[in-house]
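Engineer: My questions will all concern the structure given below.
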């Protein structure tokens, strides 16, 4: 039995081309697993084939691999849970989380360039996760009254910041400015939602301090960016 020099696939005696990597094996020396030169050639061959894939093909490959891993985890946990408890108990948490992760993986793989649909679908699937986890714990209420509003504020801020980043023609220090500004806004929304949930009233304390600090840092980055863009010689000062 002949073996391909590059990928190690077994070949029939009459074969001269490998059906997997299309390497022309001919009648050369037999494949040896411990030969470092052969291992290096095989590694380079696989890497070159991966590089040749388009972005869509790479995202599809990522989706397929993530699906195999997640559904394998679902199957294993269901079997272990049923064998040990004779019912479905703790495994429902794993199943729910894995399904939501797979949904988000699907959105990222195929709707990456449709930002609103991707973030909207991700928000819906993750909100369903929070609601189900809340139901699994006898409907405590944190999933719908606390988790979902926090999640909504996070997705809205992320969506706005991403739109600003895409609409910006000259990207540089202003990207850091957007990040710190989003962090300040997120701190305000977190404290507002938390105080609304625990105290039935919206109040701001520590988040105002964080927001002012983040706003100041963002203003510095915006200033640096637009002064550099205007041609002022701050590049030497910052060694850029």
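The values are calculated or read from the model by the stated rules, or taken from the named source; none is laboratory data. Remember, predicted model here, so these are calculated numbers, not experimental data. A quick note on method: Cβ atoms are made from the backbone with ideal geometry, for glycine too, and the neighbour counts reach across all protein chains shown.
Engineer: When you scan region 164-187, do you find a residue that is part of a helix (DSSP H, G or I), under 23 Å from the mean Cα position of the chain (by Cα), at pLDDT 90 or above and under 30 Å from residue 92 (Cα atoms), even just one?
Structural biologist: Checked region 164-187: no residue is part of a helix (DSSP H, G or I), under 23 Å from the mean Cα position of the chain (by Cα), at pLDDT 90 or above and under 30 Å from residue 92 (Cα atoms).
Engineer: Taking region 203-240 on its own, how many of its residues are surrounded by 13 or more Cβ atoms within 10 Å (Cβ to Cβ), in a loop (DSSP other than H, G, I, E, B) and at pLDDT 80 or above?
Structural biologist: 1
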